[in-house]
Amino acid sequence: MAGKPIIDQDECISCGACVDSCPDVFRLNDDNIAEVFNAAGASEEEIQDAIDSCPVSCISLEEE
């Protein structure tokens, strides 16, 4: 994988698009903010689709 997905939780609007797109990687926490709980839970392509689906572009890949 080119990097680990990270979420800028200050920018997250809790839309759930990343969770819908990649539920084995992303979830909404107790504050209803998206978080990465399993960075290896999907292929790089699936994670990129989740990144692309975020309406506020708060998900990125951190270099490993």
Against the longest principal axis of the chain, how steep is helix 44-53, in degrees 0 to 90 to the nearest 10, with axes from Cα atoms?
30
Determine which residues of segment 40-60 fall in the zone a paramagnetic label at Asn32 would reach in this model, i.e. backbone nitrogen under 18 Å from the point 7 Å along Cα→Cβ.
55-56
Quick one: putting +1 on the C-beta of Lys and Arg, -1 on the C-beta of Asp and Glu, what dipole do you get for the chain around its Cα centre, in Debye to the nearest 20?
120
What relative contact order, as a whole-number percentage, does segment 3-59 give when Cα pairs under 8 Å and 6 or more residues apart are counted?
41
Could you give each residue of segment 28-40 its phi-based ³J(HN,Hα) in whole Hz, using Karplus coefficients 6.51, -1.76, 1.60 with θ = phi - 60°, and x for Gly or Pro?
8, 7, 4, 8, 6, 10, 5, 8, 8, 10, 8, 4, 9
Using the Cα centre of the chain as origin and beta-carbon charges of +1 (Lys, Arg) and -1 (Asp, Glu), tell me which of Asn32, Cys18, Gly3 is placed farthest towards the positive end of the dipole.
Asn32
Could you check which residue among Glu11, Glu44, Glu35 shows the biggest mean-square fluctuation in a GNM of the chain with a 10 Å Cα cutoff?
Glu11
Exposure proxy check on Ile47, Ile13, Ile7: fewest-to-most Cβ neighbours within 10 Å is Ile13, Ile7, Ile47
Kirkwood hydrodynamic radius of segment 8-64, Cα pairs, Å:
11.1
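No value in this document is a laboratory result; all are computed from the given coordinates. As the structure is a computational prediction, the values presented were derived from the model and not from experiment. Backbone-built Cβ (ideal geometry, glycine too); neighbour counts: all protein chains shown.
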